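Undergrad: Can you keep this structure in mind? I'll have questions shortly.
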Amino acid sequence: MSTPNNLQIRVHPGRGGCLIAMEGVVDEAFDGARLIDAARGVAVIDLDRVRRITSFGVREWVKTVRQLSADYLGFVRCRPALVTQFNTVADFAGRGELLSFYAPYVCGQCAKEVEVLVDVRRQHDEVMAFKPPEVTCPHCQSRAEFDDLPESYFAFAAAAQPPNPPPLVDSLLSGSPPMGVAFKVEKDVEGTVTALWFSGDLDRTAFFKRLADGLEGKVILLAERVEQVTAEGVTRLKAFLMSADAEVFLARLPLRLARELVRAAGTCGRARVLSVRLPFQCESCSVATPTEVDLDTVKDVDLHRPFPTSCPECSGPLTALFGEAELRACSTLPWARAPEEVADYLSRNRVRQTRSGPDEDKTATGQVFGRYLLLRPLGAGGMAEVFLARQTGVGGFEKNVVVKRILPHLSADQQFVKMFLDEARMAARVSHPNVVQIFDVGQVGSQYYIAMEYVRGWDLSAILRLCTRLDTPFPLELAARVVADMCAGLHEAHTCTDEHGRSLAIVHRDVSPHNVLVSTGGQVKVADFGIAKAVDSSNRTPTSMLKGKLSYMSPEQVRPDAGPVDARTDIFSAGLILYQCLTLEHMFRRETEFATLKAILHDPVPRVSARRPEAPPELEGVIDRALSRGVEQRYPTALAFQQDLEWCIASTAKTAGPADLAAWLKALVKRGESMGQLPPDMSFTPTSQLGSNRGTGADEQKTITTKVLPAKE
């Protein structure tokens, strides 16, 4: 197909995705309708033959890319003219990943120009270090020199996380057929509810005939683990739904399946849809977040403003990764609200549990894992799945704990396991009222786990988010109390010794509101000591990369020559949290990761009094010292920081104990509930946020991997 400017778009469809090759010039005549229609499933856009894009073409390109609704989007073989746009134009990539691009070189001997393909997946370390690959001129065999500024040319690729495309991308690029995932159904019966858990590819291998026999009561089809969807698979599902005599509900439908159900009119029969998983992306950390919407929340989806639910990784705003057509399709589904018994089953079964080995057994109330009974899942991430669990003992002893179970693919990595267990055991030595206690580290079957203290309450990130929604300031004395208690826990870790009195030199290195828990009784506890270091110690993390939540990092974490990473690093992060509590603003968060890094290193520390005029000068001075960029000018210990905060609290002549903090939180949550502003993770019967996305359970996703900046010249 040709547009008036002779730009050609060729679509090479594959099973579950497509390769889209473009050729010509992108200008004001660029019509993105063909691209929008073609980019389905896993979409790879080959830009090898697009050598020029005009200013008006950039405008039309960005407009088109924003509307692409592919499940995954990747760009390959981008020419220098387009690489410049990736580096300078916001949203030029939309939500896509830059997988490969050409780098310009010129030979000093024969003056020939050469373009060399850079594979970002394999050469990400060099890209992040702004180090162009060494190239030999193919014409005269002399060494060719990079013909641009590396810091500018590699800016987009260096600031992004390492690409992680699905395996189908390689199949599309090579032209080889991808391997399918066999369709499976797991049946689970609880009382009058029968749950059918679907997984794999819904295609011609999906058979439902025997499954329909004997179904009665209320039946739930859970489809969140469905991979690919074909017309033949939907036809088979249609026959099943039309023949079922039971009351059938469809839940957690992936967007691709919901879209096909709408296209095949009448497919649902008498079945009703309870929820659809829509793809969103966090504007702050760029993490893709499938979000479940139901009859009550689908009406809140607006493509022109952030979704009401925040990112589970960093609490940033979520934007839709789908277009108007998909949203209209979802609105036409036969929606219904879940009956009480169905809603109860769904709330207790957020993820499908599978047997992992002979040491596990399924019980009527949950899953037995070693000496723990897993009551319900709290969350899952790139490293572990997290559960609220019950530990039982003799004489009817029972205790609720949080169990983090390392995912099988990491349990097979012996070097990672060793590092993880060493750090977890070391962190277990930290025993303090202001630190979440680790009770147990062990192994069940092939899976390793840690069991830790269960905190009934909220994380500080959720509290700050609610304050922002209600436009309610955090009382000065209570903000100081939270950070003072944090410092007490941090100091205990920093000064912890082994049985021989030798310092363990424990540094948290990921102090942020997500890792600070506040119980309903007003107790403040720091979570996840040692975990970040265990991750960094694995050989899976190159030395040129760092992990942590970017906007809470210290200068020495960003640039090694700024000083050693020690206890004072945690003090800097705690100072940032104090500033955020007082102002409800991130001090250094900017629109891009690179801009955030520069702000941490160079931007002045803003005055708290500009937002909180009632803040005493003494408190301002405490923040200034905690946030000194020079480690020698910072508080030498967390204890010294805590003592100054205690003095500031006393100078306010207000009480700020756990009871005061608990009373204020209770009133805040009730107000949020009455105004309909309470986030889902802050119900008035809260549970520990340890499991939802904190620590090991989601570090692989929540941490930002970025470059270490070179020394300032």
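The values are calculated or read from the model by the stated rules, or taken from the named source; none is laboratory data. If you're wondering where the values come from, they're calculated on a predicted model, not measured in any experiment. Positions of Cβ are generated from backbone atoms using ideal geometry, with glycine treated the same way; all protein chains shown enter the neighbour counts.
Undergrad: Scan region 126-147 residue by residue and report those that are charged (D, E, K, R) and under 21 Å from ARG51 (Cβ atoms). Let's see the steps before the verdict.
TA: First, pick out the residues of region 126-147 that are charged (D, E, K, R): 126, 131, 134, 143, 145, 147.
Passing the criteria: only ASP147.
Undergrad: Moving to a separate point now. Among the residues of region 216-226, is there at least one that is without any contact (Cβ under 8 Å) to a residue 40 or more places away in the chain and not aliphatic (A, V, I, L, M)?
TA: There is at least one residue in region 216-226 that is without any contact (Cβ under 8 Å) to a residue 40 or more places away in the chain and not aliphatic (A, V, I, L, M).
Undergrad: Could you check region 19-45 and list, in sequence order, the residues that are of a type in the set (D, E, K, R) and either assigned to a helix (DSSP H, G or I) or farther than 21 Å from LEU99 by Cβ (or both)? Give the steps one after another, and end with the answer.
TA: Step one: filter region 19-45 for residues of a type in the set (D, E, K, R), giving 23, 27-28, 31, 34, 37, 40.
The answer is ASP27, GLU28, ASP31, ARG34, ASP37.
Undergrad: Check whether at least one residue in region 55-65 is more than 30 Å from ASP31 (Cβ to Cβ) and of a type in the set (Gly, Ala, Ser), and report yes or no.
TA: First pass over region 55-65, keeping only residues more than 30 Å from ASP31 (Cβ to Cβ): none.
No, the conditions are met nowhere in region 55-65.
Undergrad: Limited to region 563-601, what total is found for residues that are under 20 Å from the mean Cα position of the chain (by Cα), among the acidic types (Asp, Glu) and surrounded by 20 or more Cβ atoms within 10 Å (Cβ to Cβ)?
TA: 1
Undergrad: I've got another one for you. Determine whether THR194 is farther than 25 Å from ALA320 by Cβ, modelled with pLDDT of 85 or more and among the polar types (S, T, N, Q). Spell out the reasoning first.
TA: Details: farther than 25 Å from ALA320 by Cβ: yes; modelled with pLDDT of 85 or more: yes; among the polar types (S, T, N, Q): yes.
Judged against the criteria, THR194 is a match.
Undergrad: Would you mind telling me which numbered condition in (1) more than 22 Å from ILE53 (Cβ to Cβ); (2) touching a residue at least 40 places away in the same chain (Cβ under 8 Å) GLN123 fails?
TA: Among (1) more than 22 Å from ILE53 (Cβ to Cβ); (2) touching a residue at least 40 places away in the same chain (Cβ under 8 Å), the lone unmet condition for GLN123 is (2).
Undergrad: Look through LEU665, LEU645, LEU678, LEU661 and report the one residue that is touching a Gly at 6+ places or on another chain (Cβ under 6 Å) and modelled with pLDDT of 85 or more. Give the derivation first.
TA: Details: LEU665 fails: touching a Gly at 6+ places or on another chain (Cβ under 6 Å); LEU645 fails: touching a Gly at 6+ places or on another chain (Cβ under 6 Å); LEU678 fails: modelled with pLDDT of 85 or more.
Result of the check over LEU665, LEU645, LEU678, LEU661: LEU661.
Undergrad: Since ASP536 meets every condition but one in (1) buried (at least 22 other Cβ atoms within 10 Å of the Cβ); (2) modelled with pLDDT under 50; (3) closer than 21 Å to ARG568 by Cβ, which condition does it not meet?
TA: (1)
Undergrad: Let me ask another. Can you tell me which residues in region 439-448 are hydrophobic (A, V, I, L, M, F, W, C) and touching a residue at least 60 places away in the same chain (Cβ under 8 Å)?
TA: VAL444
Undergrad: Any chance region 129-147 includes a residue that's more than 24 Å from PHE75 (Cα to Cα) and surrounded by 18 or more Cβ atoms within 10 Å (Cβ to Cβ)?
TA: We begin by selecting, within region 129-147, every residue more than 24 Å from PHE75 (Cα to Cα); these are 136-145.
Remaining after also requiring surrounded by 18 or more Cβ atoms within 10 Å (Cβ to Cβ): 137, 144.
Yes, that holds for at least one residue.
Undergrad: Of the residues ALA462, ALA451, ALA493, only one is assigned by TED's automatic domain parsing to the domain that holds THR583, in contact (Cβ under 8 Å) with a residue 12 or more places away in the chain, more than 24 Å from THR655 (Cβ to Cβ) and in contact with a strand residue (DSSP E or B) (Cβ under 7 Å, 6 or more places away or on another chain); which?
TA: Numbers: ALA462 fails: in contact with a strand residue (DSSP E or B) (Cβ under 7 Å, 6 or more places away or on another chain); ALA451 fails: assigned by TED's automatic domain parsing to the domain that holds THR583.
Among ALA462, ALA451, ALA493, only ALA493 is assigned by TED's automatic domain parsing to the domain that holds THR583, in contact (Cβ under 8 Å) with a residue 12 or more places away in the chain, more than 24 Å from THR655 (Cβ to Cβ) and in contact with a strand residue (DSSP E or B) (Cβ under 7 Å, 6 or more places away or on another chain).
Undergrad: Could I ask something else about it? If I filter region 150-164 down to residues being at pLDDT 85 or above and not in a helix (DSSP H, G or I), which single residue comes out as nearest to THR88 (Cα to Cα)?
TA: Among those that are at pLDDT 85 or above and not in a helix (DSSP H, G or I), it is PHE154.
Undergrad: In addition: Under 6 Å by Cβ, and 6 or more places apart or on different chains, what pairs join a residue from region 319-345 that is free of Cβ contacts under 8 Å to residues at least 24 places away in the same chain with one that is surrounded by fewer than 15 Cβ atoms within 10 Å (Cβ to Cβ) and part of a strand (DSSP E or B)?
TA: Sorted first by the residue in region 319-345, then by its partner, the list stays empty.
Undergrad: Now for a separate question. Filter region 197-253 down to residues that are assigned to a strand (DSSP E or B) and among the aromatic types (Phe, Trp, Tyr) and give me whichever is nearest to VAL42 (Cα to Cα).
TA: In the first step, residues of region 197-253 are kept if they are assigned to a strand (DSSP E or B); the result is 197-202, 218-229, 247-251, 253.
Checking which are among the aromatic types (Phe, Trp, Tyr) leaves us with 197-198, 249.
Values: TRP197: 24, PHE198: 21, PHE249: 28 Å.
Across region 197-253, the extreme among qualifying residues is PHE198.
Undergrad: Among the candidates ASP245, ASP203, ASP213, ASP188, single out the residue that is surrounded by 20 or more Cβ atoms within 10 Å (Cβ to Cβ), modelled with pLDDT under 85 and of a type outside the set (A, V, I, L, M, F, W, C). Full working, then the answer.
TA: On the way: ASP245 fails: surrounded by 20 or more Cβ atoms within 10 Å (Cβ to Cβ); ASP213 fails: surrounded by 20 or more Cβ atoms within 10 Å (Cβ to Cβ); ASP188 fails: surrounded by 20 or more Cβ atoms within 10 Å (Cβ to Cβ).
Only one candidate qualifies: ASP203.
Undergrad: A further question follows. Would you point out the residue of region 50-96, among those that are outside any helix (DSSP H, G or I) and of a type in the set (Gly, Ala, Ser), that is surrounded by the fewest Cβ atoms within 10 Å (Cβ to Cβ)? So that I can check it myself, show each step before the final result.
TA: Looking only at region 50-96, we keep the residues that are outside any helix (DSSP H, G or I), and these are 50-54, 66-79, 89-96.
Now drop any that are not of a type in the set (Gly, Ala, Ser), which leaves 69-70, 74, 90, 93-94, 96.
On the way: SER69: 22, ALA70: 25, GLY74: 26, ALA90: 8, ALA93: 19, GLY94: 17, GLY96: 20.
The residue in question is ALA90.
Undergrad: Same structure, new question: Count, please, the residues in region 97-146 that happen to be in a strand (DSSP E or B) and either under 34 Å from the mean Cα position of the chain (by Cα) or of a type outside the set (A, V, I, L, M, F, W, C) (or both).
TA: First, the residues of region 97-146 that are in a strand (DSSP E or B): 97-98, 100-107, 113-119, 135-136, 143-146.
Filter once more, keeping what is either under 34 Å from the mean Cα position of the chain (by Cα) or of a type outside the set (A, V, I, L, M, F, W, C) (or both): 97-98, 100-105, 113, 115-119, 136, 143, 145.
Residues that pass the stated criteria total 17.
Undergrad: Which of the residues that make up region 294-332 are assigned to a helix (DSSP H, G or I) and either closer than 14 Å to GLN67 by Cα or at pLDDT below 75 (or both)?
TA: Start the filter on region 294-332 by keeping residues that are assigned to a helix (DSSP H, G or I), which leaves 298-300, 324-331.
Across region 294-332, the qualifying residues are GLU324, ALA325, GLU326, LEU327, ARG328.
Undergrad: Checking ARG612 against (1) assigned to a helix (DSSP H, G or I); (2) over 30 Å from the mean Cα position of the chain (by Cα): exactly one of these is not met. Which one?
TA: Of (1) assigned to a helix (DSSP H, G or I); (2) over 30 Å from the mean Cα position of the chain (by Cα), only one is false for ARG612: (1).
Undergrad: Moving on to the next point. Test GLU97 against the criterion of being assigned by TED's automatic domain parsing to the domain that holds ALA70, among the acidic types (Asp, Glu) and free of Cβ contacts under 8 Å to residues at least 40 places away in the same chain, and give yes or no. Break it down into steps so the answer makes sense when it comes.
TA: On the way: assigned by TED's automatic domain parsing to the domain that holds ALA70: yes; among the acidic types (Asp, Glu): yes; free of Cβ contacts under 8 Å to residues at least 40 places away in the same chain: no.
In short, no.
Undergrad: Here's a check for you: in region 557-586, which residue that is of a type in the set (D, E, K, R) and under 13 Å from PRO636 (Cα atoms) is modelled with the lowest pLDDT?
TA: First pass over region 557-586, keeping only residues of a type in the set (D, E, K, R): 559, 561, 566, 568, 570, 585.
Applying the additional criterion that residues be under 13 Å from PRO636 (Cα atoms) yields 566, 568, 570.
Details: ASP566: 90, ARG568: 94, ASP570: 94.
Only one residue fits best here, namely ASP566.
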